[in-house]
1. Using +1 at the C-beta of Lys and Arg and -1 at the C-beta of Asp and Glu, which of VAL177, LEU339, VAL99 has the Cα lying farthest in the positive direction of the dipole of the chain?
2. Longer than 32 Å from Cα to Cα, which of LYS155/LYS250; LYS146/LYS250; LYS172/LYS359; LYS61/LYS252 are they? Say none if no pair is.
3. Taking 41 Å as R0, compute the FRET efficiency from the Cβ-Cβ separation of ALA192 and ALA72 and round it to 0.05.
4. So how do VAL76, VAL228 line up by other beta-carbon neighbours within 10 Å, fewest first?
5. Would you mind putting 137-145, 327-335 in packing order, based on average other-beta-carbon counts within 10 Å, highest first?
6. Taking N as the number of residues in the chain, what is its Cα Rg relative to 2.2 N^0.38 Å?
7. Return the single residue from GLU348, GLU35, GLU70 with maximal mean-square fluctuation; model: Gaussian network over the chain, springs between Cα atoms under 10 Å.
8. If you line up the long axis of helix 336-354 against the longest principal axis of the chain, both from Cα atoms, how many degrees apart are they, to the nearest 10?
Amino acid sequence: MAEETGSNEGTATEEQADFSRIEEEASDERIMFFETAPWDEAGLTAPECGLHSPEYRSTTKRLQNAPDDEVADLTVASVFIGSEVSAEQLDRMPNLKLVCTRSTGYDHIDLDACRERGIVACNVPAYAEHTVAEHTFGLMLALSRKILKAYDRTKRSDFSLEGLSGFDLKGKTLGVVGAGAIGLRVIRIGVAMGMKVLAFDVRPQGLLADVMQFEYASMDELLAQSDVVSLHVPLVPATRHMINREALAKMKKGALLINTARGELVDTDALLEALSSGHLGGAGLDVIEGEERIGDEAQMAGSDLPREDLAVAVQRYALLNRDDVVLTPHMAFYSREALHRLMEVTCENIHEFLLGEPKNTVT
Ligand code: NAD
């Protein structure tokens, strides 16, 4: 937004006029940003954000942890993935008009409950497709070339090669589940690396497959033929636990599973079994089931975790203790460029909504 206005005076004037309109129309708005981190704060105070006059507040709290009196008068709530935007939470905000998530995935928002209350929900589509795709390959290469094992060794001044031989991605088959914005970037990188790429998607685009040199396949064919399976579908009822015992059994022996989409796509108990039996060759996970329930060890220490949270903590511990698993803390989106785009689009989503032209709506 800033670069565009800087390079075109006419556009800058129009945008200023837009901001004045927003300021006028938004004078009664009560906008709150939940789960803010330092990068959000920086984005919010940037001039191009334009949220100066409307009263906005930011908080590090998740929506469900904010007291009633803090949220009662909100008209716009901007949330991140740890906030549960349920019917119960919406009922605490009778004036709410817009829920704006600072993420692509919106499985933490009860869309039916929003629709019933006339609340618009919007997301940030495709802000990090390159970013997540690059991280996907980071996880894949960490496993295929045993980079973390090698790193641990060299840190101990052990430069031996024994047990570190990996395998080339070139010539292997990559199965991409969900060929949307991120999946297509993953496909492009895979093809560039000389991989044969199969994709499964409920909405196949045949022309794209021809142009980008990949093939669509059924989920069963993809599982049976892929040396690496990478997940890029949203979390919806149809995709929850799509990688369960049956799906894992259909995978090639020794194949790798990469998940940078949502933890709940994979049944973690089944994954641990498949790894322990040696059927699965490794897993690269940026997300795990129930991750939002538990924090780090310091946060867990001394707190009485409910049974379900304890189960998640035990699963995470079991994954962490395997050298065929690489786990990152839901950070596939976390690059400077993606964070900038994320806040830019979020501010635009709010502006456009206040101007009566909602965009990126998911309701
Ligand atoms: P997208 O909507 O562009 O693509 C999703 C694709 O999945 C679409 O092509 C859609 O047709 C397909 N799909 C939907 N349901 C399906 C099903 N049941 N079976 C097969 N295919 C199905 O989304 P995207 O931008 O590519 O993002 C994908 C997911 O990645 C998001 O929903 C989000 O959960 C996750 N994500 C994670 C991070 C991270 O930091 N780890 C960052 C951004 C997005």
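Every number in this text was worked out from the coordinates using simple rules, so none of it is lab data. Note that the coordinates shown come from a computational prediction; the quantities given were computed from them, not determined experimentally. Backbone-built Cβ (ideal geometry, glycine too); neighbour counts: all protein chains shown.
1. The one lying farthest along the dipole's positive direction is VAL177.
2. Pairs exceeding the cut-off: LYS155/LYS250; LYS172/LYS359; LYS61/LYS252.
3. Values: r = 52 Å, r/R0 = 1.27.
After rounding, the FRET efficiency stands at 0.20.
4. Starting with the residue having the fewest Cβ neighbours, the order is VAL76, VAL228.
5. Numbers: 137-145: 20.7, 327-335: 17.3.
Ranking, from highest mean packing down: 137-145, 327-335.
6. 1.08
7. Maximum among the listed residues: GLU70.
8. The angle comes out near 40 degrees.
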